[in-house]
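To start, the structure under review is shown below, and the notes come after it.
No value in this document is a laboratory result; all are computed from the given coordinates. Note that the structure is a prediction, hence the values are computed from the model and not measured. All Cβ positions, even for glycine, are placed from backbone atoms using ideal geometry, and neighbour counts span all protein chains on display.
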Amino acid sequence: MENNIVEDVQNAQGDKEYPAGGAKGEDKDKEPRIIAFVCNWCTYNGADLAGTSRMKYAENVRVIKLPCTGRIDPLFVVEAFKKGAKGVLVSGCHPGDCHYTSGNYHSRRKYTAFRDLLSYLGVDINRVEFSWISASEGNKWVSVINEFTNKIKSLPGSSDIFSKK
Amino acid sequence: MARIGVFVCWCGSNIAGTVDVKKVAEEAAKIPGVVEAVDYKYMCSDPGQNTLRKMIKEKNLTGVVLAACSPHMHENTFRKAAVKEGLNPYFIEIANIREQVSWVHEDKEKATGKAIDLLKMMVEKVKKNKPIEDVRVPLTKKALVIGGGISGIQAALDIANGGVEVILVEKEPSIGGKMIQLDETFPTLDCSSCIMTPKMVEVYQHPNIKLYTYSELEEVSGYIGNFNVKIKKKARSIVEKDCTGCGDCWNICPMHKNVKSEFNVNLSERTAIYVPFPQAVPLIPVIDRSVCLHFKKGGKCQKCYDACGPKCINFDLQDEIIEEKVGAIVAATGYDLMENSLYGEYGYGKFKDVISGLQFERLLSASGPTEGVVKRPSDGKTPETIVFIQCVGSRDPEKGVPYCSKVCCMYTAKHAKLFAHKVHGSQSYVFYIDIRATSKGYEEFVRGTMENEGAIYLRGRVSKIYEDNGKLIVKGADTLSGNQVEIAADMVVLATGVIPKKGSDKMAQMLGISYDKYGFYTESHPKLRPAESSTAGIYLAGMAQGPRDIPESVVSGSAAASKILGLFSKSEYEVEGTIASVNKTTCVGCFYCKRVCAYSAISKEEIKDRNGNVLKVVANVNSGLCAGCGACVNACFSKSIDLKGYLDEQIFAEIKSLAV
């Protein structure tokens, strides 16, 4: 699909394909955009629970619901960065709790290998976060989002996804 | 061209209080493909749903996006409404702007921006939706139960009483399992054979149950509703229909000294032609060909044949393969006990009077080798002091297994109690780690053993057992008093840990169900789907899932039965259509997908030309088994599998809509 992911990602980061309706404003005070790929059974419900418990967290996260973290293709992560995400979160059921028995293990294994690849491509791997959030952990969802947002903000050159070496 | 309708729900002030719903609708209307965007106070109300239905009809919508509460709340509500207007239910998408926007953010402008983003994502997704049909699978209304122990028997009886045909397969010559070997059962002390034999007979006589004993499962293929099974009926060497169970054959068999009885756990002998125990069901003997002189000495001995009145002994019978078609399967394969010889310091195998708990059951039982009189295996004397050691193998990650075997605390208390009843003036000592007596009447039962029967409970482990002057000297620790103890015992009974039945892993592989590292079958969900295996149509019961007592085994058998009766109550099995599908043109047949599938839903399919030559082998998704997790999609190197409802292009469209 991609001949040169690095170039692609770099070019795409500069592009403004079409500006999103609501997300206008100065780059400086804008919260870094996070795209979260979450599973339908644990983390999505955990995020819903944060809502029903009226907890508050940073508004910069955009959730993409999938049946299972096992469905998450590493190319989704690449695509998210290409489309200007400053951080990508992958979150699913705790080990042993997967609704589909083993999807989260597949995802974890894939993530371990993919992290190195991303790093090799020059992407700062601090921008990819992997976590287990169960349906009862609304508070964990909130803290993961807030901490991840702060982590991205604290990175040198926070708007550039490539690591500074 | 997509014609998408957008509905922004206020949810009273729940959404409208934090999100500018009017603006969301305005922005939505600008998205290409959106024909109309409206906001409404309560979309889930009847008038709200009617608005939705009206617009689907009037604007001839091809897709609907609702910006509302979580899809887990009302997705079904809106899908049902859409179906009434002839729209495929999977063309409804929901942007979650309540739980994940209005309730968690305070800044109205930012919340509105996020709501618009989420809405856009869903509009882009719904544009790429394809109609999905729910899958309907025909059902063969017949069940297979593997294992004729108490849980298998319970499952078979419940299913059969529900009016469904059952095939019960048992490996041993008789049904009854481990329970029929027990003497009396805790905590009520009812005799095991008294409550078990009527059930066994009921199975045998039930018009809806076909019983195959001395038979094993050979092969399983197919899927929920449509399993094909092959059962190997091992050669009994008896023409079953003619046998009266009179016993003339086994009474005359010359091989009565050499073969240990499995039923009496090696405490007595049996003949080569035998029934495992007098109340066996069916009461038909079997010839153990590995020891029978006829088979070992080239046909010289045929005493049983000569003695048999109805002449039903046939040495030439062969194993038989029986094929059956069933719609559901219960795996109730039971358990084994660990090897006691693992603990050399206890001297099992070396000292005749160190026995296992199951052997002690046989010594207590009226149908046992001593007819219920407690006698030492070594010299036949009645023991006066018995030491019971609990947790032999259980809760011992180093040498045994880390889990608790659950039943040993209770049966040891029962053993001590029955011993006190049978041998007056006797003394029991019980070494334990913790006492786990958690079901109804259990705690009182153990307390009764301690207080009324005078059993002495010592919290600690035994370090060594040795023989001295006809006594077994048991050295151990009493950790509560901090003292070393030394007891001169006549007998030692080991409460050995429970492990899955030998071969349960092979069975699981044959059935395509998952099992844990010990070999116990794993439930589909440990709390909410305890009777189901990971594979649709295969249910679990009894100790094959893990240690449990008789009431729990009975409950699990009934649970599996009720699941099957529920499944069979419909004419077809229906599953959500959001499952994987293979592009057979691009599939290269590497079958990485098959490796990651937790549901055995992927099979090999041969693509043939018109002459029947195989062109290539590709993956095929069995819609009855696929659960729709999508793990195979990512395992596919050639991008030939996609997940309906979560297609790659849909996800990419969602991401793309977020471009900043």
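Shape of region B:315-432 from the C-alpha gyration tensor: prolate (a/c of 1.5 or more and a/b above b/c, with a ≥ b ≥ c the square roots of its eigenvalues).
Can you give the alpha-carbon Rg of region B:526-606 over 2.2 N^0.38 Å, where N counts its residues?
Here the Cα radius of gyration is 1.46 times the empirical estimate.
When +1 charges are put on Lys and Arg Cβ atoms and -1 charges on Asp and Glu Cβ atoms, the dipole computed for region A:61-165 relative to its Cα centre reaches about 220 debye.
What FRET efficiency comes out for the pair B:T244/B:S463, r = Cβ-Cβ distance, R0 = 60 Å, nearest 0.05?
Values: r = 55 Å, r/R0 = 0.91.
Efficiency at R0 = 60 Å is approximately 0.65.
Distance from the C-alpha centroid of region B:104-134 to that of region B:427-504: 64 Å, rounded to the whole angstrom. Farthest towards the positive end of the charge dipole of the protein assembly as shown, among the residues B:C69, B:F637, B:A541, is the Cα of B:F637, using unit charges on the Cβ of Lys, Arg, Asp and Glu. In chain B, one over the average inverse separation of all distinct C-alpha pairs is 29.5 Å, which is the Kirkwood hydrodynamic radius. Give me the log10 of I(q) over I(0) for region B:212-332 at q = 0.09, 0.22 Å⁻¹, as the Debye formula computes it from C-alpha points; what are the numbers? Listed by q, the Debye log ratios stand at -0.31, -1.24. Label sites at B:K30 and B:D478, each approximated as a point 7 angstrom past Cα along Cα to Cβ, lie 8.6 nm apart. Taken over the protein assembly as shown, the percentage of Cα pairs per 10 Å bin, counting from 0 up to the bin with the maximum distance, is 2, 11, 17, 18, 16, 13, 11, 7, 3, 0, 0.
Can you give the helix-only mean residue ellipticity at 222 nm for chain B, where every DSSP H stretch with n ≥ 4 adds -39500 (n - 2.57) and the sum goes over all residues, rounded to the nearest 500 deg cm²/dmol? Mind showing how you got there, number by number?
Details: 18 runs with 181 residues, N = 660.
So the helix-based figure for chain B works out to -8000 deg cm²/dmol.
Here A:K151 and B:S638 are evaluated by their C-beta separation; at R0 = 35 Å the FRET efficiency comes out at 0.40. The loop-placed chymotrypsin sites (Phe, Trp or Tyr not before Pro) in region B:283-368, going by DSSP, that have at most 16 neighbouring Cβ atoms within 10 Å of their Cβ come out as B:F315. For the protein assembly as shown, DSSP calls about 45 percent of its internal beta bridges antiparallel. Would you work out if region B:464-607 is rounded, prolate or oblate? Take a ≥ b ≥ c from the square roots of the eigenvalues of the alpha-carbon gyration tensor; rounded if a/c is under 1.5, else prolate when a/b is larger than b/c, oblate otherwise. The shape class here is prolate. Per-residue mean of foreign Cβ neighbours for B:326-336 is 0 (Cβ atoms of other chains, 10 Å radius).
Order these peptides, B:538-550, B:517-529, by their mean beta-carbon neighbour count within 10 angstrom, highest first. Write out the running numbers ahead of the final one.
Numbers: B:538-550: 26.7, B:517-529: 15.8.
So the order, starting with the most tightly packed, is B:538-550, B:517-529.
If R₀ is 60 angstrom, what is the calculated FRET efficiency for the pair A:H94 and B:H206, using the beta carbon separation as r and rounding to 0.05? Present the calculation step by step, with values, prior to reporting the outcome.
Working: r = 44 Å, r/R0 = 0.74.
Efficiency, rounded to the nearest 0.05: 0.85.
Other residues with beta-carbon under 14 Å from the beta-carbon of B:K233 carry, at +1 per Lys or Arg and -1 per Asp or Glu, a net charge of -3. Residues whose amide H comes within less than 5 Å of that of B:A67, counting only those at least five positions distant or on another chain, are B:F7, B:V8, B:C9, B:A95 (H built at 1.01 Å from N in the peptide plane).
Can you compute the charge dipole magnitude of chain B about its Cα centre, using +1 on each Lys and Arg Cβ and -1 on each Asp and Glu Cβ, nothing else charged? Give it in debye, rounded to the nearest 20. Walk me through the numbers on the way to the answer.
On the way: 83 positive and 77 negative charges, 265 e Å.
Charge dipole of chain B: 1280 debye, to the nearest 20.
Could you list log10 I(q)/I(0) for region B:4-127 at q = 0.14 Å⁻¹, which the Debye formula gives when each Cα is one point scatterer? The Cα Debye sum returns log10 ratios of -0.49.
Compute the length gained on full extension between B:Y518 and B:E574: take 0.36 nm times their separation in residues and subtract their Cα-Cα distance, giving the result in nm to one decimal. Walk me through the numbers before you get to the answer.
Numbers: separation 56, 0.36 × 56 = 20.16 nm, distance 3.37 nm.
16.8 nm is the gain from fully extending B:Y518 to B:E574.
When B:M55, B:M1 are arranged by Cβ crowding within 10 Å, least crowded first, meaning fewest neighbours, the order is B:M1, B:M55. Here region A:126-165 is described by how far its Cα atoms reach on the three principal axes: 39, 14, 11 Å, from widest to narrowest.
Given the Cα-Cα distance of B:K506 and B:E398 and 0.36 nm per residue of separation, how much length would full extension add, in nm? Before the final figure, lay out each step's value.
On the way: separation 108, 0.36 × 108 = 38.88 nm, distance 2.53 nm.
Full-extension gain reported as 36.3 nm.
Note on B:I465, B:I116: ascending count of other Cβ atoms within 10 Å places them as B:I465, B:I116, the fewest first.
Shape analysis of region B:580-644 yields a ratio of the Cα radius of gyration to the Kirkwood radius, Rg/Rh, of 0.98. Per-residue extension of 0.36 nm, minus the Cα-Cα distance of B:E384 and B:D107, leaves a gain of 91.6 nm for this segment.
Please enumerate, by chain and number, the aspartates and glutamates with C-alpha under 18 Å from the C-alpha of B:K594, excluding those fewer than 8 residues away in the same chain. Those aspartates and glutamates meeting the cut-off are A:D73, B:E605, B:E606, B:D642.
Throw me the Rg/Rh for region A:33-165, computed over C-alpha atoms with Kirkwood Rh, two decimals. That ratio is 0.96, to two decimals.
When +1 charges are put on Lys and Arg Cβ atoms and -1 charges on Asp and Glu Cβ atoms, the dipole computed for the protein assembly as shown relative to its Cα centre reaches about 1100 debye.
Sort region B:400-500 into rounded, prolate or oblate with this rule: let a ≥ b ≥ c be the square roots of the eigenvalues of the Cα gyration tensor; rounded if a/c is under 1.5, and if a/c is not under 1.5, prolate when a/b is larger than b/c, oblate otherwise.
On the way: a/c = 1.57, a/b = 1.20, b/c = 1.31.
Because a/c hits 1.5 or more and a/b fails to exceed b/c, region B:400-500 counts as oblate.
Pairs spanning more than 27 Å between alpha-carbon atoms, out of B:K141/B:K644; B:K233/B:K303; B:K22/B:K656; B:K120/B:K584; A:K153/B:K644; B:K241/B:K303: B:K141/B:K644; B:K120/B:K584; A:K153/B:K644. Stokes-Einstein diffusion of region B:248-307 at 4 °C, 1.567 mPa s viscosity, Kirkwood radius from Cα pairs, rounded to a whole number: 110 µm²/s.
According to a simple spin-label model (label point 7 Å from Cα along Cα-to-Cβ), what is the distance in nm between B:K130 and B:S268? Once both label points are built, they end up 6.8 nm from each other. Charge tally around B:V633: other residues with Cβ under 10 Å, Lys/Arg +1 each, Asp/Glu -1 each, net -1. Exceeding 28 Å between C-alpha atoms, which entries from my cross-link table qualify? They are B:K30/B:K108; B:K257/B:K464; A:K65/B:K608. Over 28 Å Cα-Cα: B:K257/B:K464; A:K65/B:K608. Treating the angle as unsigned and between 0 and 90°, give the value, to the nearest 10°, between the Cα long axis of helix B:71-84 and the longest Cα principal axis of chain B. Roughly 70 degrees, rounded to the nearest 10.
Toward the positive end of the charge dipole of the protein assembly as shown, with +1 on the Cβ of Lys and Arg and -1 on the Cβ of Asp and Glu, the farthest Cα among B:C590, B:W250, B:Y432 is that of B:C590.
All C-alpha pair distances within region B:370-445, sorted into 5 Å bins from zero, spread as 3, 13, 22, 20, 17, 14, 9, 2 percent across the bins. Remark: for residue pairs B:K375/B:K501; B:K325/B:K616; B:K297/B:K506; B:K260/B:K399; B:K352/B:K422, the C-alpha separation exceeds 23 Å in B:K375/B:K501; B:K325/B:K616; B:K297/B:K506; B:K260/B:K399.
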